[in-house]
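Working notes, beginning with the structure itself.
The values are calculated or read from the model by the stated rules, or taken from the named source; none is laboratory data. This one's a predicted model, so the numbers in the text were calculated from it and none came from an experiment. Cβ atoms come from the backbone with ideal geometry, glycine included; neighbour counts cover every protein chain shown. Ligands, DNA and RNA are excluded from the accessible area calculation, which covers all protein heavy atoms including side chains. Shrake-Rupley method; radii C 1.70, N 1.55, O 1.52, S 1.80 Å.
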Amino acid sequence: MPQQLWTSVDDYFNGLLVEEDDALRAVAAHSGSSHLPEHQVTPNQGKLLHLLARIQGARTILEIGTLGGYSTVWLARALPADGRLVTLEADEGYAAVAAANIAGAGLDGTVDLRVGPALDSLPALADEGAGPFDLVFIDADKPSNPAYLEWALRLTHPGSVIVGDNVVRDGAVIDPASTDPRVQGVRRFTELIAAHPRLTATTIQTVGSKGYDGFTLALVTD
């Protein structure tokens, strides 16, 4: 019953408040027909990212973990005409699907999709002098979240926003003895944020059509 109820509530609010147009539906459909994992954000979560970017006034966005590009499209649409989004995807097959989806949404001129392990792409961005980015969305392999956070801090400025997705792990995050490297990655990520003098943050638990999880929202303060 709870999952059915959570999904129905998502459907209600999405029907009234979330403008998932043909391009976004096409991204989701192409990702599904290409057999990508069903890890993309939900429509209401995509809209939340879009609103956060607009509220922040973002002109540059860094996304770590592209998958099929659904969140990429939501974020890129929040940018001004001269804005830029760099998105990093380790899997070549996923990146090919994402590239087609981004082009289909008319955003290939805004989005710079880079293929390869993010921990290779991030130093390359720093070497290029890319950024600073106004918003960073971290939604990739959770064991690497602590390293992604350190790079995000190098590539942002005071006032930048960092969002980390899927941090509750069905509640498993509270288990310090967990042998799941994803749980341990999220725990270390959270501990680093809590201890970092340049960050202030909160985490929100969520329920919805994808079950029980949550996200961390951090502000770079100095």
* To do: Give me the Debye-computed log₁₀ of I(q)/I(0) at q = 0.11, 0.12 Å⁻¹ for the chain, equal point scatterers on Cα only, no solvent, two decimals.
  => -0.51, -0.62
* Asked: Scattering from the C-alpha atoms of the stretch 170-222 alone, worked out with Debye: what is log10 I(q)/I(0) at q = 0.25, 0.31 1/Å?
  -> -1.02, -1.19
* To do: Taking amide H positions as placed in the peptide plane 1.01 Å from N, state which residues far from T87 in sequence (5 or more) or on other chains have amide H under 5 Å from it.
  => E63, D112, L113, R114
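Using 0.36 nm times the number of residues separating E150 and I55, minus their current alpha carbon distance, what extension gain do you get? Provide the component values of the computation, followed by the final result.
Values: separation 95, 0.36 × 95 = 34.20 nm, distance 2.41 nm.
Extra length from E150 to I55 when fully extended: 31.8 nm.
Could you work out the relative contact order of the stretch 7-135? I mean the mean sequence separation of Cα pairs under 8 Å and 6+ apart, divided by the number of residues, in percent. Don't jump to the answer; show the numbers that get you there.
Values: 186 pairs, mean separation 32.7, N = 129.
With pairs under 8 Å counted, the relative contact order is 25 percent.
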* **Percentage relative contact order, the chain, counting C-alpha pairs under 8 Å, at least six apart** => 19 percent
* To do: Give the accessible area for H196 in Å² (nearest 10); use a 1.4 Å probe, count only protein heavy atoms, and leave out ligands, DNA and RNA.
  => 40 Å²
* Determine the share of the chain's accessible area contributed by carbon and sulfur atoms, expressed in whole percent, with a 1.4 angstrom probe. => 56 percent
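Compute the FRET efficiency between A29 and D222 as 1/(1 + (r/R0)^6), taking r as their Cβ-Cβ distance and R0 = 41 Å, and round to the nearest 0.05.
Values: r = 44 Å, r/R0 = 1.07.
So the FRET efficiency works out to roughly 0.40.
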* Structure fact -> Compactness summary of the stretch 119-222: radius of gyration and Dmax from Cα atoms, Å, are 13.8, 40
* **Full-extension gain in nm, R198 to L17, via 0.36 nm per residue minus C-alpha separation** => 61.7 nm
* Asked: Applying the Karplus parametrisation 6.51 cos²θ - 1.76 cosθ + 1.60 with θ = phi - 60° to the phi angles of the stretch 37-45, what ³J(HN,Hα) value in whole Hz is obtained for each residue in order, glycine and proline being reported as x?
  -> x, 7, 10, 5, 5, 6, x, 5, 5
* On average over all directions, what projected area in square nanometres does the stretch 56-175 have, based on the convex hull of its Cα atoms? -> 7.7 nm²
* Asked: With point charges of +1 on the Cβ of Lys and Arg and -1 on the Cβ of Asp and Glu, referenced to the Cα centre of the chain, which listed residue (T110, T190, L125) lies farthest in the positive direction of the dipole?
  -> T190
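Please give the calculated 222 nm ellipticity per residue for the chain, where each DSSP H segment of at least 4 residues contributes -39500 (n - 2.57) and the sum is spread over every residue; nearest 500 deg cm²/dmol? Let's see the in-between values first.
On the way: 8 runs with 98 residues, N = 222.
Value at 222 nm, helices only: -14000 deg cm²/dmol.
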* Asked: For the stretch 27-107, what is the Kirkwood hydrodynamic radius in Å, using each pair of distinct C-alpha atoms?
  -> 12.6 Å
